[in-house]
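Only one structure is covered here, and it is reproduced in the block below.
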Amino acid sequence: MLMQGFAGFMWLLSMALIVFSGFALIDAATRREDAYRAADKKTKPFWLIILGLAFVVNLVFNILSFLPIIGLIATIVYMVDVRPALRGLSGGGRARGGSSSDGPYGPYNGNR
């Protein structure tokens, strides 16, 4: 009973990693090439290769092996560092409407 529960948990964790890396791969593929250079975050082909390898590794290997952990780290780096920088350049992810001069505490007025 305990081993069956553990196997079910590991299967769910493996599926979550596959979905997470697949989402990151699709997100990286839909971003513009020049946004990667403007954000100074390597290139689009670099991230597509890294995230594609992470996705394939998560599909092929057991979650307890070493390679899916490396793929997870690469996916987390993309999601935490690269994706927000790309979204900031394209103006995506704003919950409220605002101008490009808005800072975190309101509009920037140039010390007027």
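The values are calculated or read from the model by the stated rules, or taken from the named source; none is laboratory data. In this text, all values refer to a predicted model and were calculated from it rather than measured experimentally. Here Cβ is always computed from backbone atoms with ideal geometry, including for glycine, and neighbour counts include all displayed protein chains. When the accessible area is computed, the model is the full protein with side chains, heavy atoms only, and any ligands, DNA or RNA have been set aside. Shrake-Rupley method; radii C 1.70, N 1.55, O 1.52, S 1.80 Å.
Looking only at residues of the range 56-73 that are of a type outside the set (A, V, I, L, M, F, W, C) and outside any helix (DSSP H, G or I), we find that the one that is nearest to L13 (Cα to Cα) is N62. Taken over the range 31-51, the criterion of being in a helix (DSSP H, G or I), more than 12 Å from the chain's Cα centre (by Cα) and not acidic (D, E) is satisfied by A35, Y36, R37, A38, K44, P45, F46, I49. Taken over the range 55-71, the criterion of being of a type in the set (S, T, N, Q) and either at pLDDT below 90 or open to solvent by 80 Å² or more (accessible area, probe 1.4 Å) (or both) is satisfied by N62, S65. Would you confirm whether or not the range 40-52 contains a residue that is open to solvent by 50 Å² or more (accessible area, probe 1.4 Å), touching a helix residue (DSSP H, G or I) at 6+ places or on another chain (Cβ under 7 Å) and among the hydrophobic types (A, V, I, L, M, F, W, C)? The answer is yes, given that some residue of the range 40-52 is open to solvent by 50 Å² or more (accessible area, probe 1.4 Å), touching a helix residue (DSSP H, G or I) at 6+ places or on another chain (Cβ under 7 Å) and among the hydrophobic types (A, V, I, L, M, F, W, C). Filtered by the rule that a residue be open to solvent by 70 Å² or more (accessible area, probe 1.4 Å), of a type in the set (A, V, I, L, M) and over 15 Å from I76 (Cβ atoms), the range 16-37 gives a lone residue, I26.
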